[in-house]
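Structure, as structure tokens:
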Amino acid sequence: MRERLQNMLEDDRKNMGVLETVIVQYGIQSEPNQTTQNMVQQIEQMMSGKQLSFYQKLVQHELLKHGQVMSGLLVHKAAQVVGADIEVAIGPLNTINFENRAHQEQLKGMLELVGVRELTGKDADQGLWARVQDAVAALSGVAGSVVTQNTDKQDMNIQTLIRLDHNKVNTLFTQVGATDDPQKLQEYFGQIYKDLMAHAQAEEEVVYPQVRSFYGNEDTQELYDEQAEMKRMLDQIKAVDPTTSKDQFKSMIKQLMDVVGDHVRQEESTMFASIDRNCSTEQKEQMASEFKAAKSRIQQAMASSMR
């Protein structure tokens, strides 16, 4: 049981990195409300003290996991309603949902064993425990294949992180093409603008300087130039009102989509391959962590400037 609880803790620590990724992909920073902070403080006090038995602490742990599972499912379902771009942005959250569900099943098995032992002084039948182990193995296998869990990895690699951004903006472009509602067009473009600006600046601060030595000056400079053109087009589109110039607005976004598409193809083919050839797993994960931190800081600065 000690080993299983320690493994859960290690999973949770890794999942904190996935949660940070989801928050950065979503693009909005937030702090827990006061009620949640008070609840966390109370739970920490109960779990660290001696007033609860081991069984009672496992009960509280299982309740917490149940709450996490339901919260994860709720966010996932809400994203399906809000829009495809949000659903793409929170995609890595599904990994955590799978693992929390697996943890919950493990805790149920522990509760059976510990509860029977406390009540009778004897060990429970192991049949349920074996079934729980099988279910956990299946769930963990699915979760582990989604992103990075159940491995020694500390973060996603930089290619996975950049590709998540690319997928989200491609989804937004698709949504623009599917609507003629000026309000929706403005809403989708506003998200495209924020996402591409933060993505580009983070790449220019973190990724391009690190790849230049092996990707080459000419190819790296081409990436900088493409993003400079992209930023110029973003600012041009920002000045157009879709309520009075809808066709022009959509035409300009189509041109932007073509420029972004060329840029994405270069990054995901030659740059990604060059990173694989020249960087270790640890270097790619470190670059991802730095990219994520830079993007989060940039998003916060953008949000402050818009207030």
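The values are calculated or read from the model by the stated rules, or taken from the named source; none is laboratory data. As the structure is a prediction and not an experimental result, all values here were calculated from the model. Here the Cβ positions follow ideal geometry from the backbone for every residue, glycine too, while neighbour counts run over all protein chains shown. Remember, those area values only see protein heavy atoms, side chains included, never the ligands or the DNA or RNA. Shrake-Rupley method; radii C 1.70, N 1.55, O 1.52, S 1.80 Å.
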Query raised in the report: What are the lysines whose alpha-carbon lies under 20 Å from the alpha-carbon of residue 108, with same-chain residues fewer than 8 places away excluded?
Result: 57, 65, 122
Query raised in the report: Ranked from the most accessible area to the least, with a 1.4 Å probe and all protein chains present, what is the order of 274, 245, 213?
Result: 213, 245, 274
Report task. Please report the orientation-averaged projected area of region 169-307, defined via the convex hull of its C-alpha atoms, in nm². Result -> 8.6
Query - Listed residues 40, 30, 249: farthest to the positive end of the dipole of the chain (Cβ charges) - result: 40
Query raised in the report: If Lys and Arg each add +1 and Asp and Glu each add -1, what is the summed charge of the other residues whose beta carbon sits under 13 Å from the beta carbon of residue 118?
Result: +1
Report task. Provide, for region 144-283, the number of lysine pairs with alpha carbons under 15 Å apart, each pair being eight or more places apart or on different chains. Result -> 11
Query raised in the report: Taking the Cβ-Cβ separation of residue 239 and residue 12 as r and a Förster radius of 51 Å, what is the calculated FRET efficiency to the nearest 0.05?
Result: 0.65
**Report entry** Over the chain: helical MRE at 222 nm, DSSP H runs n ≥ 4 each giving -39500 (n - 2.57), nearest 500
**Finding:** -27500 deg cm²/dmol
Report summary line: Given all pairs of distinct Cα atoms, region 1-97 yields a Kirkwood Rh in Å of 15.2
Query raised in the report: Stretched out fully, how many nm does the piece from residue 37 to residue 274 gain, at 0.36 nm a residue minus the Cα gap?
Result: 80.9 nm
Query raised in the report: Hey, what angle do you get for helix 246-266 against the long axis of the chain, alpha-carbon based, 0 to 90 degrees rounded to 10?
Result: 70
Query - Cα-derived Rg over Rh, computed across region 70-114 with Rh taken as Kirkwood radius - result: 1.19
Query - Average accessible surface area per residue within the chain, 1.4 Å rolling probe, Å² - result: 53
Query - Contour minus Cα-Cα distance for residue 117 and residue 46 (0.36 nm per residue) - result: 23.4 nm
Query raised in the report: Based on Cβ point charges of +1 for Lys and Arg and -1 for Asp and Glu, what charge dipole magnitude is obtained for the chain about its Cα centre, in debye rounded to the nearest 20?
Result: 940
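Round to a whole number: what % of the accessible area of the chain belongs to carbon and sulfur, probe 1.4 Å?
Solvent-exposed carbon and sulfur of the chain make up 52 percent of the total.
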